[in-house]
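Participant: Here it is, the structure in full.
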Amino acid sequence: MTKEITLESAPDLRRIYATAALHRGSSSDTLPDVRWSRAGIRVDVDDLVAYAHVCGFPVSGTLPPTYPHLVSFPLQMTVMSGDRFPLPLLGTVHVENRIEVVRPVDVEEQLDVSVWAQDLRPHRRGRQVDLVSEVAVRGEVVWRGVSTYLSRGSEHPDAEPADPPSTVSLAAVTTGPQWRLGEGTGRAYAAVSGDWNPIHVHALTAKPLGFPSAIAHGMYSYARVLASLGPRLPEAGLTSRVWFRKPVRLPSSVRLRTAFEPTRTLSVLENVKGELEHAVVENSW
């Protein structure tokens, strides 16, 4: 039977990251059957404006499609930092994300958020798991998200791959927006998202974890892509999926190329020379 735990306030993400090294995973093959939730969350308008400014979204009366992820993310970290969670929090990599915008979410609506883990499975480079988030308003689910995390370990070469769609259709797309991401990009996004993972904050905190420099948050890159495509995407009935490929080292320059179809877009975020894919994003409706 699923255990339900309701929190009165948001978990402290800085405290979770500060103690992450103590959580090495339980090595279990099962996930804790627990659902964490918060009810009646109100969006802080100043926080929303700051997030929109950093990610390039226009400020309006509805939430950007990626913003509910920020609301659910502290609960995700609570799940993953639990004693019975089988994977270590530190070093776990966000490899894929899927969101479904059922309908526009008004800034003034109170949000009820639930998060749980499911589908622990082998990956070619270790094990991966899905963190599922649902956002509801007065009992109606208005947004869903699935974040897939990989913990590197014993390899499973026969594991079913989860590769992104082919980007061959983008061969004819030679132009698109370019962005310069400065050394402080990770800190700017952490300030508006609460995600202070040390691999994103500074080169000095990223190097002990195996990165030569700080790297951009995957959800920041994803948000920049959706913000750029915003006028071409529907406000309701949108299913969006991102595959995170190679990290964006900071500082660096990136470009976005997109192929447009009547009910679908396919985008690739890459370095300016087109030699390195950072993310592949598919939107459908």
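Participant: Just the Cα atoms of region 59-187: what Rg and Dmax do they give in Å?
Facilitator: 17.6, 50
Participant: Counting each DSSP H run of 4 or more residues in the chain as -39500 (n - 2.57), what helix-only mean residue ellipticity at 222 nm follows after dividing by all residues, to the nearest 500 deg cm²/dmol?
Facilitator: Helix contribution divided over all residues of the chain: -6000 deg cm²/dmol.
Participant: Binning every alpha carbon pair distance of the chain at 10 Å from zero, what are the percents per bin?
Facilitator: 6, 28, 38, 24, 4, 0
Participant: Let me ask something else. Largest first, please: the extent of the C-alpha atoms of region 177-285 along each principal axis, to the nearest Å.
Facilitator: Principal-axis extents of region 177-285 (Cα, largest first): 46, 31, 19 Å.
Participant: If you don't mind, there's one more thing I want to ask. Once neighbouring chains are kept in place and the probe is 1.4 Å, which whole percent of the accessible area of region 61-178 is contributed by carbon and sulfur?
Facilitator: Carbon with sulfur: 47 percent of the solvent-accessible area.
Participant: Hey, if we sort Lys3, Lys273 by accessible area with the 1.4 Å probe, largest down, what's the order?
Facilitator: Lys273, Lys3
Participant: Here's another thing I want to ask about it. Leaving out ligands and nucleic acids, note down the accessible area per residue over the chain with a 1.4 angstrom probe, in whole Å².
Facilitator: 49
Participant: I would also like to ask the following. Could you give the semi-axes, largest first, of the ellipsoid that matches region 1-112, computed as the square roots of 5 times the alpha carbon gyration tensor eigenvalues and rounded to whole Å?
Facilitator: Over the Cα atoms of region 1-112, the ellipsoid semi-axes are 28, 16, 14 Å.
Participant: Can you grab the distance from the C-alpha centre of region 233-272 to the C-alpha centre of region 196-219, Å, no decimals?
Facilitator: 22
Participant: Still on this structure, please answer the following. Once all Cα-Cα distances of region 117-265 are split into 5 Å bins that start at 0, what whole-number percent is in each one?
Facilitator: 2, 7, 12, 17, 18, 18, 16, 7, 2, 0
The values are calculated or read from the model by the stated rules, or taken from the named source; none is laboratory data. What you see is a predicted model, and the numbers here were worked out from it, not measured in a lab. Areas reflect the complete protein model, heavy atoms only, side chains present, ligands, DNA and RNA absent. Shrake-Rupley method; radii C 1.70, N 1.55, O 1.52, S 1.80 Å.
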